[in-house]
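Worksheet: one structure, shown below.
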Amino acid sequence: MNKHLLKMADLSKEEIIDILNLADQLKYELAHGIKHHRLEGKTLGMIFQKASTRTRVSFETGMYQLGGQALFLSNRDLQIGRGEPVQDTARVLSRYLDGIMIRTFEQAEVEALATYGSIPIINGLTDYCHPCQVLADLMTIREYKGQFDGLKLTYIGDGNNMANSLIVGGLTVGMDVAIACPDTYRPDPTVLEFAAKYGDRFTLTNDPAKAAEDADVVYTDVWASMGQEGEAEQRRLAFTGFQVNDTVMGAAHKDAIVQHCLPAHRGEEITEEVFESHADEIFDEAENRLHAQKAVMVKLLG
Ligand code: CP
Ligand code: NVA
């Protein structure tokens, strides 16, 4: 396995399955009170340049459960916020820490940390991707559906970091992936290039009902991501019709599950009714951030 987790494409199918198997095991051990101090004495630094509820709390708690500790490093307090180059920050933090989780804007910043530092780097969300979220999503899908092969994953909404990572992760593990988004909000070109290799297992359309046909998993995310708050109104207009609602769910398989990375905006990308009737699946998904990330940390820092 790669030394870092910078994006989904860093992982092969076998490596993803390996992480998910370990995540299942850690989840079982936690539920049965079996101590798993696999990272005793280790410290994870967590750099946040954007807000977070799930990522921060699941990494911090996860590290504690593994016998290590996590340091919350806000951009507001670090010298990075005053202009210290990421190249220098990487080399300094590598002298103290055993790994770094970073949430930021530019994917290039995460890559620079990995290039200049000497410890494992974990991407906790950039504008380009969100691999930790997708590992938790895949874990949840496998819990509900028991397999990946032959399943159809449909994503409706913005062609953003979530769409990018779901396309790569979903196709890699063997699912068909369908994306419905407005023509002007498509996934990243590098991801579309990756998906093109999968032929008709990947479809991109601007018709949500068509994308949702026979879906086993229906996924959505906010219309305006962190950093895009100023475009919220313009995006609300552009995404009208790209909502996960009863019509979309009517096109999907009867037993389709709904996934949302959260936070959710009810009445925008998903209706209150669909959200609440699939809340168990969505909050299992949120819980699985903890287990999937603990598996990643054991693999990379262990
Ligand atoms: N899904 C997710 O990453 O949530 P947070 O922004 O709360 O970390
Ligand atoms: N696309 C969202 C995901 C939040 C977990 C964002 O980047 O804000």
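The values are calculated or read from the model by the stated rules, or taken from the named source; none is laboratory data. Just so it is clear, the model here is predicted, and its values are computed rather than measured. For neighbour counting, all protein chains shown are included, and Cβ atoms are generated from backbone atoms with ideal geometry for every residue, glycine included. Protein only, heavy atoms only, side chains kept; ligands, DNA and RNA dropped before computing areas. Shrake-Rupley method; radii C 1.70, N 1.55, O 1.52, S 1.80 Å.
Applied to the range 283-288, the Karplus parametrisation 6.51 cos²θ - 1.76 cosθ + 1.60 on θ = phi - 60° returns per-residue 3J(HN,Hα) values of 7, 4, 4, 5, 4, 5 Hz, with x for Gly and Pro.
Contact order, relative form, for the chain: 20 percent (alpha carbon pairs under 8 Å, 6 or more residues apart, mean separation divided by residue count).
Here the simple spin-label model places points 7 Å from the Cα toward Cβ, and for V92 and E143 these points are separated by 3.9 nm.
Where the centre of each part is set by its Cα atoms, how far does the range 239-302 sit from the range 152-196, in angstrom? Cα centres, the range 239-302 to the range 152-196: 15 Å.
Average accessible surface for the chain: 42 Å² per residue, computed with a 1.4 Å probe over protein heavy atoms with every protein chain in place.
Counting 0.36 nm for each residue step from R82 to S52 and taking away their Cα separation leaves a gain of 8.7 nm.
The C-alpha atoms of the chain occupy a region whose extents along the principal axes are 53, 45, 36 Å, arranged from largest to smallest. Helix 54-65 and the longest principal axis of the Cα set of the chain meet at an angle near 50°. Put simply, when 134-142, 108-116 are sorted by average Cβ atoms within 10 angstrom per residue, most first, you get 134-142, 108-116. Below 16 Å Cα-Cα, how many Lys pairs turn up in the chain? Only count pairs eight or more apart in sequence, or on different chains, if you could. Step by step, the pairs that qualify in the chain add up to 15. Take the Cβ-Cβ distance between E276 and A209 as r, set R0 to 30 Å, and report the resulting FRET efficiency rounded to the nearest 0.05. Here the calculated transfer efficiency is 0.90. To the nearest ten degrees, helix 161-173 and the longest principal axis of the Cα atoms of the chain are 90 degrees apart.
Put a dot 7 Å past the Cα of L237, heading toward its Cβ, do the same for A9, and the two dots end up 3.4 nm apart. In terms of the mean number of neighbouring beta-carbon atoms within 10 Å, the peptides 223-232, 282-291, 25-34 order highest first as 282-291, 223-232, 25-34. Remark: the range 293-298, residue by residue, has Karplus-estimated 3J(HN,Hα) of 6, 4, 5, 4, 5, 4 Hz, where x stands for each Gly or Pro and the curve is 6.51 cos²θ - 1.76 cosθ + 1.60 at θ = phi - 60°.
Between the helical axis of 131-145 and the longest alpha-carbon principal axis of the chain there is an angle of about 50 degrees. Values of log10 I(q)/I(0) for the range 225-302 across q = 0.12 Å⁻¹ run -0.48, by the Debye formula with one identical scatterer at each alpha carbon and no solvent.
Averaged over residues, the count of other Cβ atoms within 10 Å places the peptides 152-163, 192-203 in the sequence 152-163, 192-203, highest first.
Taking the helices alone, the chain has a mean residue ellipticity at 222 nm of -13000 deg cm²/dmol, built from -39,500 (n - 2.57) per DSSP H run of at least 4 residues and averaged over all its residues. Put a plus charge on the Cβ of each Lys and Arg, a minus charge on the Cβ of each Asp and Glu, and nothing anywhere else: the dipole of the chain about its Cα centre is then about 1140 debye.
Only one residue of H278, G159, M297 has its Cα farthest out toward the positive end of the dipole of the chain, where Lys and Arg carry +1 and Asp and Glu -1 on Cβ, and that residue is M297. Above 15 angstrom, tally the Cα pairs of the range 166-224 and express them as a % of all pairs, no decimals. Here the long-distance tail beyond 15 Å is 47 percent of all Cα pairs in the range 166-224.
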